[in-house]
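So the structure is just underneath, and the comments pick up after that.
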Amino acid sequence: GNSVTQMEGPVTLSEEAFLTINCTYTATGYPSLFWYVQYPGEGLQLLLKATKADDKGSNKGFEATYRKETTSFHLEKGSVQVSDSAVYFCALSAEGSQGNLIFGKGTKLSVKP
Amino acid sequence: EAQVTQNPRYLITVTGKKLTVTCSQNMNHEYMSWYRQDPGLGLRQIYYSMNVEVTDKGDVPEGYKVSRKEKRNFPLILESPSPNQTSLYFCASSFFLGNQASIANTGELFFGEGSRLTVL
């Protein structure tokens, strides 16, 4: 079946450090891929997306590239800030799924000043 | 302001006492869904609805009911809550693009702020 696997946290970084959160997926066909972010006490919100192979999604300094050959969609940011502290979820929407999202387990990021 | 509103935000109840968590969206979205979030398990879909009077089971529907009598509302009903239903619940909605929820292409799933439920 379709699934998403992301690196377990928590991840703790110093401000201005480089961030990578790994995400790999299993799906038939060509899914759409997403990263959602959940700030403390809030619901999830879309961070970025990619809908076909080799697409790069980007937003707020975060980037992720849809790699079909490695079935991956790793999240990166060159210089994290304290305000980036949150839980990050990788998700996919498989073809023919009526649009339902499948989420990874989430990775908690803490950025220290 | 476009939003998804859930109530209550926090609730402590006892085993077997029926409860309803309401969800309302003001964006005229066709698609609505309920998720539960548990430590180490991420988000799991409980039920979803593609439109009024159309509902379907997600990955973990046992112990829950839903209804979609109006487009804007999608209540989650726990007929006889049990302690394993202690969780953080999220309602979400999206519009349609073509013949499927737009989240397939845009990822635009709008979430409520969550309802933390404790069943003793």
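The values are calculated or read from the model by the stated rules, or taken from the named source; none is laboratory data. Computed from a predicted model, the values in this text were never measured in an experiment. Cβ placement follows ideal geometry from the backbone for every residue including glycine, while neighbour counts extend to all protein chains displayed.
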Q: Go through the stretch A:39-84 residue by residue and tally those that are over 23 Å from A:V111 (Cβ atoms) and in contact with a Cys (Cβ under 9 Å, 6 or more places away or on another chain).
A: 1
Q) From the list B:G63, B:G114, which one is more than 10 Å from every other protein chain (Cβ to nearest Cβ) and modelled with pLDDT of 90 or more? A) B:G63
Q. Between a first residue in the stretch B:69-84 that is over 21 Å from B:Q25 (Cα atoms) and a second residue that is not in a strand (DSSP E or B), which pairs have beta carbons less than 6 Å apart while being 6 or more apart in sequence or on different chains?
A. B:E79/B:K18; B:S80/B:G16; B:S82/B:T15
**Q.** Residue in the stretch B:7-24 that is closer than 20 Å to A:Q45 by Cβ and touching a Gly at 6+ places or on another chain (Cβ under 8 Å) present
**A.** yes
Q.
Please go through (1) modelled with pLDDT under 95; (2) under 21 Å from A:K68 (Cβ atoms); (3) in contact with a Gly (Cβ under 8 Å, 6 or more places away or on another chain) for A:Y30 and return the number of the only condition it doesn't satisfy.
A. (3)
Q. When the residues of the stretch A:31-45 are filtered to those that are in contact with a helix residue (DSSP H, G or I) (Cβ under 9 Å, 6 or more places away or on another chain) and hydrophobic (A, V, I, L, M, F, W, C), which remaining residue is nearest to the other protein chains (Cβ to nearest Cβ)?
A. A:F34
Q) Among the residues of the stretch A:48-60, is there at least one that is touching a Lys or Arg at 6+ places or on another chain (Cβ under 6 Å), part of a strand (DSSP E or B), hydroxyl-bearing (S, T, Y) and away from chain B (no Cβ under 12 Å)? A) no
Q: Exactly one condition in (1) more than 10 Å from chain A (Cβ to nearest Cβ); (2) under 11 Å from the mean Cα position of the chain (by Cα); (3) of a type outside the set (D, E); (4) under 23 Å from A:Q45 (Cα atoms) is not met by B:R72; state its number.
A: (2)
Q. If you take just the strands (runs of 3 or more DSSP E) that sit entirely in the stretch A:62-113, which of them hold at least 3 residues that are within 14 Å of chain B (Cβ to nearest Cβ), over 16 Å from A:K52 (Cβ atoms) and modelled with pLDDT of 95 or more?
A. A:86-93
**Q.** A:L13 vs. criteria within 11 Å of chain B (Cβ to nearest Cβ), assigned to a strand (DSSP E or B) and either within 25 Å of B:S93 (Cα to Cα) or in contact (Cβ under 8 Å) with a residue 60 or more places away in the chain (or both)
**A.** no
Q | Residues being among the hydroxyl-bearing types (S, T, Y) and under 17 Å from A:T24 (Cβ atoms) - total across the stretch A:53-106 | A | 7
Q: Would you mention how many residues in the stretch B:6-39 are more than 11 Å from chain A (Cβ to nearest Cβ), surrounded by fewer than 21 Cβ atoms within 10 Å (Cβ to Cβ) and not hydrophobic (A, V, I, L, M, F, W, C)?
A: 13
(Q) Quick test of your reading of the structure: B:G42 fulfils all but one of (1) modelled with pLDDT under 95; (2) within 14 Å of chain A (Cβ to nearest Cβ); (3) over 10 Å from the mean Cα position of the chain (by Cα); (4) on the phi < 0 side of the Ramachandran plot. Name the failing condition by number. (A) (4)
